[in-house]
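Novice: Below is the structure I would like to discuss, written out as structure tokens.
The values are calculated or read from the model by the stated rules, or taken from the named source; none is laboratory data. If you're wondering where the values come from, they're calculated on a predicted model, not measured in any experiment. In this analysis, Cβ positions are derived from the backbone assuming ideal geometry, glycine residues included, and neighbour counts consider all displayed protein chains.
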């Protein structure tokens with residue numbers, strides 16, 4: 001369990017540091033802001049590399065919505081939910097804290113949400129999208145992302161290419177979602193920057209837990225209905241996988 005929690009912490013740390021860092025460290029400097037497309041690709045590449053590295057250890061969740069969705073689909077032990085989510089939060093907060101430390105080293109640095117990766121809605125949405133639009137897109141995209149995670153882990157055919165598919169899916173999701181909310185689809189990824197930024201970011205953080213978890217739970221419940229036999233075979237494979245892992 002210690003190895004698995006360490007892997008989840010490190011993977012989430014990498015995701016936040018790379019994904020949010022590509023814009024936070026460029027803001028206000030001579031470097032051109034990477035833009036929505038480039039930042040989405042960076043998030044996807046960060047997810048892909050971390051998944052290849054840590055997937056054999058922890059399953060490469062790096063996201064409470066994925067962990068909860070897998071548990072609902074009976075693909076992950078419920079007893080391990082809290083340790084995994086705590087590890088993911090620790091990684092995200094550490095990544096955001098390091099990013100803040102680095103960004104402050106630039107003279108004239110001012111912490112402001114768009115460059116630091118803080119998520120928001122209404123007046124704090126990059127495109128001024130209202131609350132209901134923010135909730136719906138976060139829930140729908142989280143549903144899609146968790147379904148992809150479930151599907152790629154349910155078959156041995158995705159053993160090699162699975163992390164690349166998951167990372168590419170995250171990049172595509174971020175391209176669409178970033179103008180609406182700044183793109184979360186991950187409660188841990190939202191919590192780290194929000195805790196560092198404080199203020200309204202903490203007031204609006206509830207949505208970036210509620211919507212992704214709702215999407216993850218729905219995905220976990222729907223997966224057996226959508227994929228049938230493949231889902232059941234994946235459940236058996238997951239049972240064998242976790243039975244071989246060290247238990248607390």
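Novice: Among the candidates 116, 43, single out the residue that is farther than 24 Å from residue 152 by Cα and crowded, with 21+ Cβ neighbours inside 10 Å. Write out each step before concluding.
Specialist: Numbers: 43 fails: farther than 24 Å from residue 152 by Cα.
Testing whether each residue is farther than 24 Å from residue 152 by Cα and crowded, with 21+ Cβ neighbours inside 10 Å leaves just 116.
Novice: When you scan segment 74-92, how many residues do you find that are farther than 18 Å from residue 186 by Cβ, touching a helix residue (DSSP H, G or I) at 6+ places or on another chain (Cβ under 6 Å) and surrounded by fewer than 16 Cβ atoms within 10 Å (Cβ to Cβ)?
Specialist: Residues in segment 74-92 being farther than 18 Å from residue 186 by Cβ, touching a helix residue (DSSP H, G or I) at 6+ places or on another chain (Cβ under 6 Å) and surrounded by fewer than 16 Cβ atoms within 10 Å (Cβ to Cβ): 1 in total.
Novice: What is the residue count in segment 168-209 for residues that are within 11 Å of residue 64 (Cα to Cα) and surrounded by fewer than 24 Cβ atoms within 10 Å (Cβ to Cβ)?
Specialist: 1
Novice: Okay, next question. Among the listed residues 103, 50, 134, identify the single one that is farther than 29 Å from residue 225 by Cα and more than 16 Å from the chain's Cα centre (by Cα).
Specialist: Working: 50 fails: more than 16 Å from the chain's Cα centre (by Cα); 134 fails: farther than 29 Å from residue 225 by Cα.
Sole residue among the options that is farther than 29 Å from residue 225 by Cα and more than 16 Å from the chain's Cα centre (by Cα): 103.
Novice: Quick check on segment 105-125: of everything there that is farther than 12 Å from residue 208 by Cβ and part of a helix (DSSP H, G or I), which residue is modelled with the lowest pLDDT?
Specialist: It comes out as 113.
Novice: I've got another one for you. For the structure I just gave you, tell me whether residue 128 is under 23 Å from residue 203 (Cα atoms) and at pLDDT 95 or above.
Specialist: Details: under 23 Å from residue 203 (Cα atoms): yes; at pLDDT 95 or above: no.
Here the answer is no, as residue 128 does not meet what is asked.
Novice: Which condition number in (1) over 16 Å from residue 41 (Cα atoms); (2) modelled with pLDDT under 95; (3) part of a helix (DSSP H, G or I) is the one that residue 139 fails?
Specialist: Of (1) over 16 Å from residue 41 (Cα atoms); (2) modelled with pLDDT under 95; (3) part of a helix (DSSP H, G or I), only one is false for residue 139: (2).
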